[in-house]
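Structure first, then comments.
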Amino acid sequence: MRTSSIKRLVLGGIGAGALLGGASLAHAQAEVATPYWASIQREEAFARAGPMATYQIEWVFRRKHLPVKVIKRYGVWRQIVDPSGWTGWMHSNMLSRKRTAIVNGTVLAIRSAPQDSARLMWRAEPGVVGELGDCEKGWCEFAVDKRAGWVRQDQVWGAGEP
């Protein structure tokens, strides 16, 4: 009987620690200054007219990793702007801090190094979403699936200062 009481205390303490750790993680996310870049982390994410579940769903995003700009916070809700300029509210659990970008404008040259004279690796059409790496001197690392290279920062949405 005593063993089971000790076991409950230990397991309860571990569970409480996990809950507190999760709470501090959520609190840390809430402390990020707006605006900031984020991406949609779900296959399907709902954007609402306001910052509560009771508000009408205005848009359903079906594009995992799509970059968005977070412009406001209200509790666990984030007001976002998508690449087209549309604005809505999304629950923070639908978003990730993983940096992504989307090709805008014309077909984009992906280079082997951060310069116009570098070897052309491949091309990406407008609308292609990729993971964003480091940016320097107007160029950003950009990876789509297993292909990676460098793109001009001004040719993708989701790079630079939000």
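What the table below lists for this structure:
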| quantity | calculated |
| --- | --- |
| Counted residues, the stretch 47-67 - those being buried (at least 17 other Cβ atoms within 10 Å of the Cβ) and without any contact (Cβ under 8 Å) to a residue 60 or more places away in the chain | 4 |
| Qualifying residue in the stretch 138-150 (condition: modelled with pLDDT under 95, over 22 Å from residue 64 (Cβ atoms) and not in a strand (DSSP E or B)) | no |
| Residue match in the stretch 48-60 (condition: within 30 Å of residue 145 (Cβ to Cβ), at pLDDT 95 or above and not small (Gly, Ala, Ser)) | yes |
| Extreme residue, nearest to residue 158 (Cα to Cα), among residues of the stretch 117-133 that are under 21 Å from the mean Cα position of the chain (by Cα) and surrounded by 12 or more Cβ atoms within 10 Å (Cβ to Cβ) | 132 |
| Residue within the stretch 104-116 that is closer than 30 Å to residue 55 by Cβ, in contact with a Leu (Cβ under 7 Å, 6 or more places away or on another chain) and surrounded by 15 or more Cβ atoms within 10 Å (Cβ to Cβ) present | no |
| Any hit, the stretch 111-129, residues being closer than 11 Å to residue 99 by Cβ, in contact with a strand residue (DSSP E or B) (Cβ under 9 Å, 6 or more places away or on another chain) and of a type outside the set (A, V, I, L, M, F, W, C) | no |
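The values are calculated or read from the model by the stated rules, or taken from the named source; none is laboratory data. Since this is a predicted model, take the numbers as computed values, not measurements. As a convention, Cβ positions derive from the backbone with ideal geometry for all residues, glycine included, and neighbour counts pool all protein chains shown.
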